[in-house]
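Participant: Could you have a look at this structure, given as structure tokens, before my questions?
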Amino acid sequence: MESDLTFVAPEGVYSLTEDHKPIPVAHTAPHPQYPTRLSTITVRFPATKQPAIQGLGQLLGGGKDFWKEKGLAPTPAAKDDGGSVSSGDTPEDVTSPDVGGSQDATTPTSIVMPDQNHGLFSPPAGGKRRALSRPKHNMRTTSSTFITRLQSVEGLTKVLQAKQGEVTYLFYNSAKNFYWVEAGVQSKEALARVAFAAHPTCHDVNHSTASHEHLDLIIGFQTGDLIWFDPIALRYGRLNKQGRISNSPCTAVRWVPSSPNLFLVSHADGTIVVYDKDREDGVFTPQAPTASLASPPRPLTNEPALPSPEASLPAGEWNPLDSIFVTIPPWHPVNSAGAQAGGGRGDRDKAAKNPVSHWKVSKRGVVDFVFSPDVKYVAAIAEDGCLRVIDALAEQLVDCYAAYFGSLTCVAWSPDGRFIITGGQDDLVNIFSPWEQRVIARCQGHSSFLSGLAFDDLRCDGRTYRFGSVGEDNKLILWDFSSGILHRPKLHSHHHRLSMSSSLSLAARRRPDALTADHSTLHLPPLGGEGPLQRYHPAPSRNEVAIVQPVLVKQLENDMLTAVAFLPRWLLTGTKVGHVKLWIRPLPTSRKNGRAAPDAQDLDWVS
């Protein structure tokens, strides 16, 4: 029954229904250096047409209902009370927007505890909230040399006004082009294509601000530049213009969930930078990381602190396995809190610029990162072969896990926050339990480097979890695993369940003779001679970890696969050159048949 257009999974048949290809590239053009990335959003158009409004409806509410059931629903958005302007290209005669508390405009999810007093992602202590701002510059009439061409479908405004019901939009990059297309329609023509002078490398769409009039996207580039783009109005703003804050290539960008203005960008120089889309770029030079300036993590429990492992390092050397190095700008929320008592509001607003904060995470490039569902933690992977779990509110490293071999290339966090999965150059998918602070399983099935991972939210029910992976071997693999494997470690059954809020990792509580050999990448610095680092976890050997077998392996005949995503109606795959395929999912079945947990035959142990 399987063919190039179909494949059969336990829940039914997936069928290729449509594909989107970028514009043809001349044969003499070099092979794309930066692979295609996918961003998606589903919106609901109003049932009746509204005059003088350009399409796009209110954000689809299905996802919100799901999070309400989990107790993670965001608080209601604040009402508009004023205007604001963009950054980057803002003329000098335009006054700066009300940004004194702009980092506080975030509406945190309900799981964030009220006693969390850090100001980075927290709401303001009082006062009015700003209206959602819009990009200042018109892309159709711009004279910027950074935007080389804009091509949109004929009559775009009328096309959007005619929409009703749910509509799914896809955004992807290919070469120096950025595409906006609609899924599930017969037309293969892109709604808009923007050509830039530099290569787009990453992008993300803000789900919390989407409406029938407005979408917020952030696009990162190889030059470090950032574009804040509204495809509905075809308007844009620029941040980190000409690499003013960082000229290192952008590797990933993520909006802070439920925030209308904050987003994070990772760079190839090993940094993660926090931005506010409403702020202008400030004059900023990050400090050089040194051990003397890197403050140790503040204990979040009453447990005594262990001796610092940095004592075994050469004087002044910062160890990225045990901490992140935070450069705090003068307008950082920590400093802004003190300014409230001594300065006027106008002075604070005028001073607030980008970046909001600057994290030096690794001595090698940060490849990707994702937020935890409760928005309190960030899971970041780097070319040094480490997965780092960072407390985003306290801006501190919680744990650092080494890959079995080589660099890590992709990462995803489960919808309920219990598991983190990573793929890398060891051809393995590793399943981590950040709450248990260990690797609980490895998935074997790929024969080359992994390039993309994603959880299928509809098939993750807290007991059984489904995710998909793609790799340079052109395999699309579906995996199921049961949380029951957490309770069946083969060798070490003495792991204690710890709180993620603890600043002491599991590695610090193990006996030195219980540590296994480190099979991870050679890029890591030595651990020192006084025992393991507090937050560093070497990769366990193969016979210590359960092996998960694939549910389905589909060999696709196309260019190298680089992206995978799950939507309620489709499974999406993307190739390095921008060929996006949509596979329609089988009709939903009962929970018993559609979410059957893998039995013992799906989990193997290597002796």
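Participant: Mind giving me the FRET efficiency for S144 and Q555? R0 is 41 Å, r the Cβ-Cβ distance, nearest 0.05 is fine. Could the numbers behind the result be given before it?
Facilitator: Working: r = 44 Å, r/R0 = 1.06.
That pair, S144 with Q555, gives E of 0.40.
Participant: Pull out the extension gain between K21 and E154, defined as 0.36 nm times the separation in residues minus the alpha carbon to alpha carbon distance; nm, one decimal. Intermediate results must be reported in sequence, preceding the final value.
Facilitator: Details: separation 133, 0.36 × 133 = 47.88 nm, distance 1.91 nm.
Going from the current span to full extension adds 46.0 nm.
Participant: Separation between the Q164 and I328 pseudo-spin-labels, each 7 Å from Cα along Cα→Cβ, expressed in nm?
Facilitator: 5.6
Participant: What ³J(HN,Hα) values, in whole Hz, does the Karplus curve 6.51 cos²θ - 1.76 cosθ + 1.60 give for the range 158-172 when θ = phi - 60°, with x put for Gly and Pro?
Facilitator: 5, 4, 6, 5, 7, 6, 9, x, 7, 9, 10, 10, 10, 10, 8
Participant: Please go through the residue pairs K176/K475; K188/K576; K363/K475 and name each one whose alpha carbons sit more than 30 Å apart in this structure. Please list the in-between numbers first.
Facilitator: Values: K176/K475 26 Å; K188/K576 19 Å; K363/K475 32 Å.
Pairs exceeding the cut-off: K363/K475.
Participant: If amide hydrogens are placed 1.01 Å from N in the peptide plane, which non-local residues have theirs closer than 5 Å to the one on V429?
Facilitator: C443
Participant: In whole percent, how big is the carbon plus sulfur part of the accessible area of the range 232-281, probe 1.4 Å, protein atoms only?
Facilitator: Details: 430 of 1100 Å².
Here carbon and sulfur together make up 39 percent of the probe-accessible area.
Participant: Which cross-chain or sequence-distant (5 or more) residues have an amide H under 5 Å from the amide H of E317, H modelled 1.01 Å from N in plane?
Facilitator: The answer is A291.
Participant: Now a separate question. When the label point is put 7 Å from the Cα of V8 along its Cα-to-beta-carbon vector, which residues of the range 541-569 have a backbone N closer than 20 Å?
Facilitator: 550-557
The values are calculated or read from the model by the stated rules, or taken from the named source; none is laboratory data. Here the structure is a predicted model, which means the values were calculated and not measured. Positions of Cβ are generated from backbone atoms using ideal geometry, with glycine treated the same way; all protein chains shown enter the neighbour counts. What goes into the accessible areas is simple: the full protein's heavy atoms, side chains included, and nothing from ligands, DNA or RNA. Shrake-Rupley method; radii C 1.70, N 1.55, O 1.52, S 1.80 Å.
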